[in-house]
Amino acid sequence: MKCIIMAGGFGTRLRPLTNNLPKPMALMANKPIIGHIVDLLKSHKLTEMTALLYFQPESIENYLGDGSEFDVKIGYTSPSADLGTAGSVAYAIRKEKKKGTTLVISGDVITDIDLTAAIRFHKQKRALATLVLTRVENPLAFGIVITDDNGRIVRFLEKPSWGEVFSDTINTGIYILEPAAMDLVPEEGEFDFSNDLFPMLLKEKKPIYGYIAEGYWKDVGSLQEYRQANMDIIQKKVQVDIPGTELGRDEIHAGAGTKIDYTAEIEGKVVLGRNCTVEGGARLVDCVIGDDCVIKEGAAIKSSVLWNGVSVGAGANLHENIVGDATEIGDGAHLGDGAIVSDHCRIGRNSSVKADVKVWPHKEVDDDATLASSLIWGQKWSKNLFSTYGVTGLANIELSPEFAAKLGAAYGASLKKGVTVSTSRDAHKTSRMINRAIMTGILSTGVNVNDYGVTPMPVVRYLARGGSEIAGVHTRRSPFDEELLDLKFFDRSGLDLHPGEEKSIEKLFFREDFRRSPMEETGEMYFPIHSLDTYAAGFLASINTKAIEKARFKIVLDYSFGSSSRIFPDILGSLKCDVIALNANVDSSRATKTAEEFVNSLEQLSSIVRSLKADAGFMLDAGGEKVFMVDDTGDILDGDTALNLTTLLALKTNKVQKKKGAIAVPVTASRAIEHMAKAYGFKVVRTKTTSRGLMEAATNKDILFVGEGSGGFIFPDFQPVYDGIFTVAKFLEMLAIEGKRMHTLLREIPPSIMIKERISCSWEQKGMIMRRLAEDSRGKKTVMLDGIRISFGMDWLIAYPSQSHSYFIITAEASTEEKARGLVDTYKEKIKKWQEEGVASVSGGVAKPKRPVKPAAPVRRK
């Protein structure tokens, strides 16, 4: 008798385990499901087989080969078109050109049904088709088959409701078919067994029977059923072959080369694959462990399934989990009940994956992190929700409506009931969706919302300072990656949230500890009007409008398709500026720029400034927070040069206005700023490189100006936050008061050369590198504010870890490029050496150095 194995399934219901392999290749007690099917067929002397393949056929062919290793004969076929289940089987039969009785079986079920008895029943009834049936407790997910007392089928019910559950007898997908039945299947077009062939046979009163089988059968249609089927195998509820041998007692089944420490605790039924290591104090209870796994000291694994090459760290705890190939579970990690971790993942030390969470392939969970929702397409889930740019994630995947609503609830729960917060966004439709989701979460906690809709972020930050809101959140498409969204949270002063407030929100989020207000106490939603007018009025009151009007500037202004174009044109019009506006329409699809597009935009701006002989060129980012400059000759100013020039203007105008105080710049800014400040009688305050650090400095009453080297400028007299819109006007005011052109002012900046580079460094080694830097710099003049800044006379170097990526940033400034390059190269080598030593000390061997991040080009200062 010919056997056809239906093995073309995608295994969608078993994802993420089956993301990279077909469902029949999913391991069941350390053997692919299809291997158990071949064993079953062979045990009933059915040795001629054809596998119908579709999804990743090579993995099945590589495993089964020609069948000789299984003492059977196996062929393969793949229809070129979707012919349906019956059509595909008919295609395989016609291709073989051998007529006879055919047994069809799914390649992704676990069963020990007596096929010999089913075939005997088929022959006794002289059936054209026999369906092998079984009884189940809950038949809702299956097709119900009703037979008469003689076994003849009288009715089919596909996927019934409870009101239609007239029987608990279901179709197992195992069929015995005569050629006359298969001759009814057309050669072209989709044709299924359940929807087409069997109803046709029933309607035509052909002899179609149902054999109600004894024995075990499981469809393995879900991850829960998959784990349970493994448990059923080791409990011997189903008779299948388990690779390996029993170790003196039937509780332990182990493959060749496996070593179990004598102090390890083994309870219940345990299956171990080949070449496994179980260290002392480990505890295994009712579990399946694949080949080449390492279970370290004190780890506890219960009722779980581990695939091949899994490493479980010391003291880790797994309960009712499934873990895919080559995944590392760190020391002290905890997987909640039902959590699924797919292949090639890393679950960090002392991290926690909550119950029923799914981690998809090639993902990473940081040390000490808590993963509370499924990690699907994103590369990494950090222990911190908040990063440099707020809360950032892949739009509608990581940062989904469900996630946003939950985050909104955590945010609202961190505030007092009855207070009001603002929400706003950019113009993208996905930002609108996520903004609405955040609002629902906030409202559910009894917090009110003022929604400003599409509004530049500097505007909503300004409104927070003078309105009824105590905080706010802005949703935007990332300016760096078109697939990402950022959620920017700020306090009642408009500043980025303090890290302590971020931690409070994270704690509530991960605990899922949200206040839920009764129906009459949920928050109210408002849509304030005249918000732009309020901002514009405060804006103009903080500017010397007459100085700008008198100068009659001609400028080129690129709005970058952002919402600033909704407010700034009117302001500039009132200042009597001749403005050539670029990209002044709001277009959310073009708001994000790649590095190449950013450079191209600046070059276009430069060309237009030069050709029109404009006084200056400015490019706002899409959110209106940062601004990039071109001088009156068309030269593009890099970030540090723009900072130096704006600082020089601020020093000059404040001296003219006889103001006293200080300016604030990050610890990474050029030494030229100290030279200029000293010349004009002002002090310099060095700050952290974070936005929050700079904004906090701006709240100090003595601070007159704050700036940083990537387009962010703060004028505290107006508001203590980045505002690119205001910066353009303030820059023009200062330029008008000084009465000089930009290229002339640039000559007043002291010359120097700065070089910035990156060197890769794992998250685990960042702390060690900082410690080694501190030890190495003892006796030198250092500043430990944000990273470690080391002075070498007038020259200096700073090394600090990226807050959001696995690398260190090294910046050096000197009077010559040779000196600056020498400093950078020296410390790159030191960091590289320390990393190698750190790896070697852990592994006890020689470490292979990591490839460094490609260095950035030097920034020259003349």
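A few notes on this one:
- Sequence-separation-based contact order of the stretch 732-811, relative, with Cα cut under 8 Å and 6+ spacing, percent: 29 percent
- Using Cβ point charges alone (K and R +1, D and E -1), the dipole size of the chain about the Cα centre works out to roughly 2780 debye.
- Computed packing ranks the peptides 231-240, 197-206, 750-759 as 750-759, 231-240, 197-206, most packed first, by mean other Cβ atoms within 10 Å.
- Debye, to nearest 20: dipole size of the stretch 403-552, +1 on Lys, Arg Cβ, -1 on Asp, Glu Cβ: 260 debye
- 3J(HN,Hα) along the stretch 168-174, derived from phi through the Karplus expression 6.51 cos²θ - 1.76 cosθ + 1.60 where θ = phi - 60°, amounts to 9, 9, 10, 7, 8, x, 9 Hz, with x in place of Gly and Pro.
- Computed [θ] at 222 nm, deg cm²/dmol, the chain (DSSP H ≥ 4; -39,500 (n - 2.57); rounded to nearest 500): -9000 deg cm²/dmol
- Two-site FRET efficiency, SER80 against MET1, from Cβ-Cβ distance with R₀ of 25 Å, rounded to 0.05: 0.40
- Rounded if a/c under 1.5, otherwise prolate or oblate - the stretch 38-92, Cα gyration tensor axes: oblate
- Whole-number percent relative contact order across the chain, with pairs defined as alpha carbons under 8 Å at least 6 apart: 6 percent
- Against the criterion of solvent-accessible heavy-atom surface with a 1.4 angstrom probe, LEU41, LEU415 sort, most first, into LEU415, LEU41.
- Accessible area of LYS659 in the full protein assembly, 1.4 Å probe (Å², nearest 10): 80 Å²
- Per residue accessible area in Å² of the chain, where ligands, DNA and RNA are left out and the probe is 1.4 Å: 43 Å²
- With the simple model of a label 7 Å out from the Cα in the direction of the Cβ, HIS530 to LYS416 spans 2.7 nm.
- Residue among SER802, TYR827, PRO716 farthest towards the positive dipole end of the stretch 704-837, charges placed on Cβ: TYR827
- With bins 5 Å wide beginning at 0, the percent of Cα pairs of the stretch 71-116 falling in each bin runs 5, 14, 25, 25, 19, 10, 2.
- Residue-by-residue Karplus 3J(HN,Hα) for the stretch 80-86, coefficients 6.51, -1.76, 1.60, Hz, glycine and proline x: 6, 10, 7, 9, x, 5, 5
- ASP112 exposes around 40 Å² of accessible area when a 1.4 Å probe is run over every protein chain in place.
- Per residue, the convex hull spanned by the alpha carbons of the stretch 208-346 comes to 109 Å³.
- Contour excess over end-to-end distance, with Cα ends at THR826 and LYS660 and 0.36 nm allotted per residue: 55.7 nm
- Segments 105-111, 767-773, 648-654 sorted - mean Cβ within 10 Å per residue, highest first: 105-111, 648-654, 767-773
- When each of the peptides 91-97, 469-475, 124-130 is scored by the mean number of other C-beta atoms lying within 10 Å of its residues, the order from highest to lowest reads 469-475, 124-130, 91-97.
- Charge dipole (the stretch 547-705, unit charges on Cβ, about Cα centre) - positive-most of SER565, MET676, GLY693: MET676
- Three-way shape call for the stretch 522-624 based on the alpha-carbon gyration tensor, with the a/c threshold at 1.5: oblate
- Of the labelled figures (1) 29; (2) 44; (3) 25, only one reflects percent of Cα pairs over 46 Å apart as derived from the coordinates, namely (2).
- Charge dipole of the stretch 627-687 about the Cα centre (unit charges at C-beta), most positive-ward option of LEU643, PRO666, THR653: THR653
- Of the solvent-accessible surface of the chain, computed with a 1.4 Å probe over protein heavy atoms with every protein chain present, carbon and sulfur atoms account for 49 percent.
- Placing a pseudo-label 7 Å from each Cα along the Cα-to-Cβ vector at ALA541 and LYS833 gives an inter-label distance of 6.0 nm.
The values are calculated or read from the model by the stated rules, or taken from the named source; none is laboratory data. This is a predicted model, so every value here is computed, not measured. Every residue, glycine among them, receives a Cβ derived from its backbone with ideal geometry; neighbour counts consider all protein chains shown. Just the protein is used for accessible areas: all its heavy atoms, side chains included, with ligands, DNA and RNA removed. Shrake-Rupley method; radii C 1.70, N 1.55, O 1.52, S 1.80 Å.
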